[in-house]
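Trainee: Let me give you the structure first, and then I'll get to my questions.
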Amino acid sequence: MNATKPITMQIEEAIQDIPGWSPIDQLLTLFTLAYSSADLDGDILELGSWCGRSAVALGMAAKLSSKGKVHCVDLFPEKNDWFKNEDGTYSFAVTLDGKTYGAYQNQTVWAEPYLKDIAPMYERYSGTLEAFTLAMQTNSLSDVVFPYRTDLEGFAKNVPNKFALRMAFIDGDHSYDAVAKDIRIVEQFLLPDGWICFDDAFSSYDGVNEAIQKHVIDSGNYKRLQQMTRKCFVAQRR
Ligand SMILES: C[S@@+](CC[C@H](N)C(=O)[O-])C[C@H]1O[C@@H](n2cnc3c(N)ncnc32)[C@H](O)[C@@H]1O
């Protein structure tokens with residue numbers, strides 16, 4: 001990485017070919033918090049990585065600060081895991097080691113993003129994990145960014161003793177129950193002064209908004225709370 005070339009430009013170049021939705025202002029926010037929290041003795045967690053756009057920004061921050069790993073937890077669905085619901089929206093279910101994990105069952109995926117962004121991705125790659133792995137290799141981030149094909153509960157059960165987080169970015173299932181549970185699990189590991197960040201906050205998803213309102217804003221557990229971009233909300237733990 002180049003210390004004098006604007007980081008926005010470096011992120012834009014790194015993600016230009018990676019399918020996904022995270023816009024540059026949000027990626028810059030995530031990068032900045034991950035980079036500036038490097039004095040905390042913890043790693044970075046991402047729940048919901050898709051093909052790796054936000055993971056690249058987090059990985060660049062970990063690498064540039066020479067501190068911490070980025071753990072990326074996703075069910076990494078393949079094409080055949082997706083199915084159409086009766087109302088025309090889409091969901092997926094992934095079976096791993098005999099256990100089936102459903103996603104987007106309550107807050108389903110609208111037909112438009114499925115047809116415009118999700119289905120075409122599977123014409124380029126065999127699955128999201130292949131796209132993610134390639135994105136990390138292309139950007140020389142495979143030594144700091146690690147994918148885990150599971151849900152957050154499965155990941156949390158297997159972390160080492162003293163596992164701690166300086167930052168977590170939540171961008172998985174967008175139902176209230178899922179986000180509330182994600183917050184509970186992240187809080188087991190989030191250090192004082194560490195950041196919890198959310199995609200799709202206070203934009204189009206009532207479940208995400210309600211979970212943040214109740215379990216972050218109203219909880220009293222966070223000292224700084226701010227909507228940073230159109231859909232990225234961040235909070236710093238007391
Ligand atoms: C909006 S995408 C993430 C986009 C990504 N952050 C980016 O910047 O491109 C949401 C991701 O959450 C994953 N996901 C949904 N429900 C999940 C769950 N219960 N556990 C783990 N991953 C889940 C999906 O597989 C999908 O890759």
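Trainee: Compute, for the chain, the length of the dipole vector about the Cα centre, with Cβ point charges of +1 (Lys, Arg) and -1 (Asp, Glu) only. Units Debye, rounded to 20.
Mentor: The dipole of the chain has a size of about 740 debye.
Trainee: Okay, moving on. Taking the Cα centre as origin and putting +1 on Lys and Arg beta-carbons and -1 on Asp and Glu beta-carbons, what dipole magnitude results for the range 116-177, to the nearest 20 debye?
Mentor: Numbers: 6 positive and 9 negative charges, 54 e Å.
The calculation lands at about 260 debye.
Trainee: Here's another thing I want to ask about it. Using only C-alpha atoms and all pairs of different ones, pull out the Kirkwood radius for the range 1-67 in Å with one decimal.
Mentor: Across the range 1-67, the inverse of the average 1/r is 12.1 Å.
Trainee: Which value, to two decimals, describes the C-alpha radius of gyration of the range 142-234 once divided by 2.2 N^0.38 Å?
Mentor: Values: Rg = 13.2 Å, N = 93, 2.2 N^0.38 = 12.3 Å.
The reported ratio for this selection is 1.08.
Trainee: Still on this structure: Can you classify the chain as rounded, prolate or oblate using the Cα gyration tensor, where a ≥ b ≥ c are the square roots of its eigenvalues, rounded means a/c under 1.5, and otherwise it's prolate if a/b beats b/c and oblate if not?
Mentor: Rounded is the answer for the chain, as its axis ratio a/c remains below 1.5.
Trainee: Can you give the local net charge around residue 138? Use residues other than it whose beta-carbon is closer than 12 angstrom to its beta-carbon, Lys and Arg +1, Asp and Glu -1.
Mentor: Its environment carries a net charge of -2.
Trainee: Oh, and also: Using the beta-carbon distance between residue 188 and residue 65 and R0 = 25 Å, what value does 1/(1 + (r/R0)^6) give for FRET efficiency, to the nearest 0.05?
Mentor: Efficiency computed from Cβ-Cβ geometry: 0.60.
Trainee: Turning to a different aspect of this structure: Could you point to the residue in 142, 3, 104 farthest towards the positive end of the chain's charge dipole, with +1 and -1 charges on the Cβ of Lys/Arg and Asp/Glu respectively?
Mentor: 3
Trainee: Quick one: Cα centre-to-centre distance for the range 130-161 and the range 198-238, in angstrom?
Mentor: Rounded to whole Å, the Cα centres lie 24 Å apart.
Trainee: Let me ask you something else. Restricting to lysine pairs 8 or more places apart or on different chains, what number in the chain have Cα atoms under 17 Å apart?
Mentor: The number of close lysine pairs in the chain is 9.
Trainee: Let me ask another. What FRET efficiency do you get for residue 85 and residue 121 if R0 is 30 Å and r is their Cβ-Cβ distance, rounded to the nearest 0.05? Let's see the in-between values first.
Mentor: Numbers: r = 20 Å, r/R0 = 0.65.
According to the calculation, E is roughly 0.95.
Trainee: Okay, moving on. Could you pull out every residue, at least 5 positions away or on a different chain, whose amide H is within less than 5 Å of the one on residue 165? Hs are placed 1.01 Å off N in the peptide plane, and Pro or chain starts have none.
Mentor: 43, 190, 191
None of the figures in this text is laboratory data; all of them are computed from the coordinates on show. Predicted model, so just to flag it, every value in this text is computed and none were measured. Cβ sites come from the backbone with ideal geometry, for glycine too, and all protein chains shown count toward neighbours.
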